[in-house]
1. Over its Cα atoms, what ratio of radius of gyration to 2.2 N^0.38 Å does segment 85-125 give?
2. By a straight-distance test (C-alpha under 21 Å), which lysines pair with Lys62 as possible cross-link partners, with residues fewer than eight away in the same chain excluded?
3. Probe of 1.4 angstrom, ligands and nucleic acids ignored: what's the accessible area per residue over the chain, in square angstrom?
4. Cut-off under 20 Å on the C-alpha distance; same-chain residues fewer than 8 positions from Lys168 excluded. Which lysines are left, in chain and number order?
5. What is the Cα convex hull volume of segment 1-92 when expressed per residue in Å³?
6. Counting only C-alpha contacts under 8 Å and six or more residues apart, can you give the relative contact order of the chain as a whole percent?
7. Of the beta bridges DSSP finds with both residues in the chain, what % are antiparallel, to the nearest 5?
8. Please report, in cubic angstrom per residue, the volume enclosed by the convex hull of the alpha-carbon atoms of segment 203-311.
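The values are calculated or read from the model by the stated rules, or taken from the named source; none is laboratory data. Not measured: the values here are computed from a predicted model. Methodologically, a virtual Cβ is constructed for each residue, glycine included, from the backbone with ideal geometry; neighbour enumeration extends over all protein chains shown. The protein model used for the area step is the full one, side chains on, heavy atoms only, and it has no ligands, DNA or RNA in it. Shrake-Rupley method; radii C 1.70, N 1.55, O 1.52, S 1.80 Å.
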Amino acid sequence: MALHTKLVETEAAWESFLAQRSEANFLQSWKWSEFHQKLGKKTFAVGLFDDDLQLGAALSVKEEAKRGKYLTVAGGPLLDWQNAEHLQVMFDALRELAKQEGCQFIRIRPQEIDSLELRQTVKQFGLQESPMHLTADLTLQLDLTKSEEEILADMRKNTRYEVRRVEKVGVEVRQSEDPAEIQVFYDQQLEVAKRHNFVPFSYQFLHEQFTTFAQDGQARLFHSYHEGKLLATAFILFYHQEAVYHYGVSTADNDRLPGSYACQWEAIKWAKAQGGLRYNFWGIAPQDQTTHRFAGVSVFKRGFGGQEVQY
């Protein structure tokens, strides 16, 4: 049988293929599909096959927005981007799927390092740069195979100072896998959104995401406190030996105390203990874009060291 695509029907089959791909990420996981289904969206686990051998994967989510219906493939497709035949078959399948679903366009963000060669490749298949990003494209990633001492040494001086100040000032961190605690996270996010003027995620979005991943121990909250008062919380996803700092909130009390630093350092140590290879601080602003909405938090994230990875 020639190269063909079909929908993969089971989590076991889907995750078995992703386990073989070093670039596999939570955005292409079966759990990400389940999460979106809980939000009422249609998802499609498209597999690329040669006979019964799976060669590629593209988890696609159908979005219905004011600008129209469209398909998204975040963190994928996962396949050999050097193989033109594989790309052609996958893109043809996604186009056909989009037509069947009445979609106007498809938006993808490959889990591939940005390069001139890659941009030329996707252009050949009719893809063009999107006016909006789909998900974090410029990320900051920390190598967890280093020792704690090496990670500390690679931090900026003031970040290392704040991490060491945590114990001195009596900041404590508690971990939780309890979905009920998303309510407090959501409430605090509303306060942060007011302060920094951004559109917050819905309670359902945060709760369903956390609940779905926490079922398999792949989601965890890290809360920092001082004298019983909440300072900050980090929402961490752990998948395929990568911990991702997906969301975070902080309170006004955090401004004078190292609560956010405490959350990050505990999450880094926890991920390392779980056998994690990378700690992904997720989206950051380009260095030269000082007015970017991520600029402030990017300064905080870059203080921990790590490598900037542009997808």
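1. Against the empirical 2.2 N^0.38 Å value, I get 1.28 for segment 85-125.
2. The reachable lysines, counting only those whose Cα sits under 21 Å from Lys62, are Lys6, Lys31, Lys38, Lys41, Lys42, Lys99.
3. Here the per-residue accessible area is 50 Å².
4. Lys157, Lys229, Lys269
5. 102
6. 19
7. That works out to approximately 85 percent antiparallel.
8. In segment 203-311, the Cα hull volume divided by residue count equals 133 Å³.
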